[in-house]
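**Student:** Got a structure here, written out as structure tokens. Questions coming.
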Amino acid sequence: MTPDFRTTARKHLSRAKELLASGDDADLEFVALKLRKAMEALTYERSKIYSDDLGPEAMKTWQPRKLMQRMLEVDPHADKAAQISMGREPSPGKRPETMRLLGTDNVFDMKTLKKHYDALGAYLHTETLDQLYRGKTHDLEKLRKRCDAIVEAADIVLDSKIWNSSMANRGEIECHDCGSIIRRRLDRDGEPRVVQCWDCNASYTLTDIGNRKVNFEPRMQDVPCPVEGCSGSFPLWERELVAGTRWKCRDCGQALRLAPGVTIDENENTHYE
Ligand SMILES: [Zn+2]
Ligand SMILES: [Zn+2]
């Protein structure tokens, strides 16, 4: 059974609120711990809809920020709120005349995670020796403000009546270079986007081809063989278009290397500064 991270997050958040309400600064480090766990649980909950795309092994070990980063690579919409509406189609495929808003799926976004998750971590440790020697202690007033801001953001997410929605157009492909399975989704606007294989960094342009299908176009360039009389060319991946890449011409067998080039300027009258 998959854990109910949403309930876990709610428990951590409610304990954090109780501790904050005490007004006792000594409670703040426990609040920080509870809020970190709440942020982790909210991110793990969101990751459930991407479990197939992310792969089970990787998901077990990732920190929330890394996990969210990966989710965003799968789906640019992963950390954005979505309004879910429903309507009856007058005929199949026709847009409904009236739509009823079912609710908004609010997500704990990357920006908030980045802003607060690591910052809270500092309060879970004793000040560094350097800080202590300089007479610096944790700024508890600042910490309280930070905790209030996290509570506010988490409340919005947990108040959503709908969660873990995703309407994105998605597709998968076996990487042409290494054979790994790549699963990615398009953003809501359906605009093409560049995606990368996590195992070999081969890149693809992901485009909408209609009927809720997507296409992965390998981002490669044919590089012509420079040997005189040879008309061969070799496809290089975008990531290989750097000085030092080596290959063998399939037509003439010549070993080749990509190098930055300088050639003779035929126009001798050019004026140089
Ligand atoms: Zn690959
Ligand atoms: Zn050649």
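**Student:** Name the residue, out of 262, 242, that is assigned to a loop (DSSP other than H, G, I, E, B) and modelled with pLDDT of 90 or more.
**Tutor:** Exactly one residue qualifies, and that residue is 242.
**Student:** Residues in the range 178-212 that are over 13 Å from the mean Cα position of the chain (by Cα) and either within 16 Å of ligand 2 (Cβ to nearest atom) or part of a loop (DSSP other than H, G, I, E, B) (or both): how many?
**Tutor:** Counting residues in the range 178-212 that are over 13 Å from the mean Cα position of the chain (by Cα) and either within 16 Å of ligand 2 (Cβ to nearest atom) or part of a loop (DSSP other than H, G, I, E, B) (or both) gives 17.
**Student:** Could you say which residue among 257, 239, 250 is in contact with a strand residue (DSSP E or B) (Cβ under 8 Å, 6 or more places away or on another chain), more than 30 Å from residue 48 (Cβ to Cβ), within 16 Å of ligand 1 (Cβ to nearest atom) and not β-branched (Val, Ile, Thr)?
**Tutor:** After applying the criteria, what remains is 239.
**Student:** Test of understanding: among 144, 212, 183, 219, which residue is touching a residue at least 60 places away in the same chain (Cβ under 8 Å) and more than 30 Å from residue 34 (Cα to Cα)?
**Tutor:** Of 144, 212, 183, 219, the one residue that is touching a residue at least 60 places away in the same chain (Cβ under 8 Å) and more than 30 Å from residue 34 (Cα to Cα) is 183.
**Student:** State the number of residues belonging to the range 117-130 that are without any contact (Cβ under 8 Å) to a residue 40 or more places away in the chain and surrounded by 11 or more Cβ atoms within 10 Å (Cβ to Cβ).
**Tutor:** Counting residues in the range 117-130 that are without any contact (Cβ under 8 Å) to a residue 40 or more places away in the chain and surrounded by 11 or more Cβ atoms within 10 Å (Cβ to Cβ) gives 4.
**Student:** Let me ask you something else. Please return the ranges of helices (runs of 4 or more DSSP H) entirely within the range 1-104 where 3 or more residues are surrounded by fewer than 18 Cβ atoms within 10 Å (Cβ to Cβ).
**Tutor:** Qualifying helices (runs of 4 or more DSSP H): 5-21, 28-47, 56-61, 64-74.
**Student:** Can you tell me which of 101, 113, 132 is away from ligand 2 (no atom under 16 Å from the Cβ), within 30 Å of residue 195 (Cβ to Cβ) and touching a Ser or Thr at 6+ places or on another chain (Cβ under 9 Å)?
**Tutor:** 113
**Student:** Inspect all residues belonging to the range 112-129 and state whether any of them is more than 26 Å from the chain's Cα centre (by Cα) and assigned to a helix (DSSP H, G or I).
**Tutor:** Yes, the range 112-129 contains at least one residue that is more than 26 Å from the chain's Cα centre (by Cα) and assigned to a helix (DSSP H, G or I).
**Student:** Scan the range 131-179 for residues that are among the aliphatic types (A, V, I, L, M), at pLDDT below 90 and surrounded by 15 or more Cβ atoms within 10 Å (Cβ to Cβ) and report the count.
**Tutor:** Result for the range 131-179: 1.
**Student:** Is there any pair with a first residue in the range 164-180 that is in contact (Cβ under 8 Å) with a residue 12 or more places away in the chain and a second that is acidic (Asp, Glu) and within 7 Å of ligand 1 (Cβ to nearest atom) whose Cβ atoms are under 8 Å apart and which are 6 or more apart or on different chains, and what are they?
**Tutor:** Every condition considered, the pairs that remain are 175/199; 178/199; 180/199.
**Student:** Quick check on residue 230: is it out of contact with any helix residue (DSSP H, G or I) (no Cβ under 7 Å at 6 or more places or on another chain), assigned to a loop (DSSP other than H, G, I, E, B), within 15 Å of ligand 1 (Cβ to nearest atom) and not acidic (Asp, Glu)?
**Tutor:** In short, no.
**Student:** Looking at the range 49-62, I want the residues that are at pLDDT 75 or above and have a partner that is assigned to a helix (DSSP H, G or I) with Cβ atoms under 6 Å, at least 6 apart or on another chain. Which pairs are those?
**Tutor:** Note: pairs meeting the criteria are 50/71; 50/74; 53/74; 54/70.
**Student:** Another question, then. Kindly provide the set of residues from the range 216-227 that are exposed (fewer than 14 other Cβ atoms within 10 Å of the Cβ), away from ligand 1 (no atom under 16 Å from the Cβ) and in a strand (DSSP E or B), ordered by number.
**Tutor:** 221, 222, 224, listed by residue number.
**Student:** Tell me which residues, restricted to the range 167-177, are more than 13 Å from ligand 1 (Cβ to nearest atom) and either part of a strand (DSSP E or B) or in contact with a Lys or Arg (Cβ under 7 Å, 6 or more places away or on another chain) (or both).
**Tutor:** The answer is 168, 169, 170, 171.
**Student:** Does residue 124 satisfy the condition of being over 27 Å from residue 167 (Cα atoms), out of contact with any Pro (no Cβ under 9 Å at 6 or more places or on another chain) and either modelled with pLDDT of 95 or more or of a type in the set (Asp, Glu) (or both)?
**Tutor:** No, not satisfied.
**Student:** Could you tell me whether residue 226 is without any contact (Cβ under 8 Å) to a residue 40 or more places away in the chain and within 16 Å of ligand 2 (Cβ to nearest atom)?
**Tutor:** Taking the combined requirement at face value, the residue satisfies it.
The values are calculated or read from the model by the stated rules, or taken from the named source; none is laboratory data. None of the values given here were measured: they were computed from a predicted structure. Positions of Cβ are backbone-derived with ideal geometry, glycine not excepted, and every protein chain shown enters the neighbour counts.
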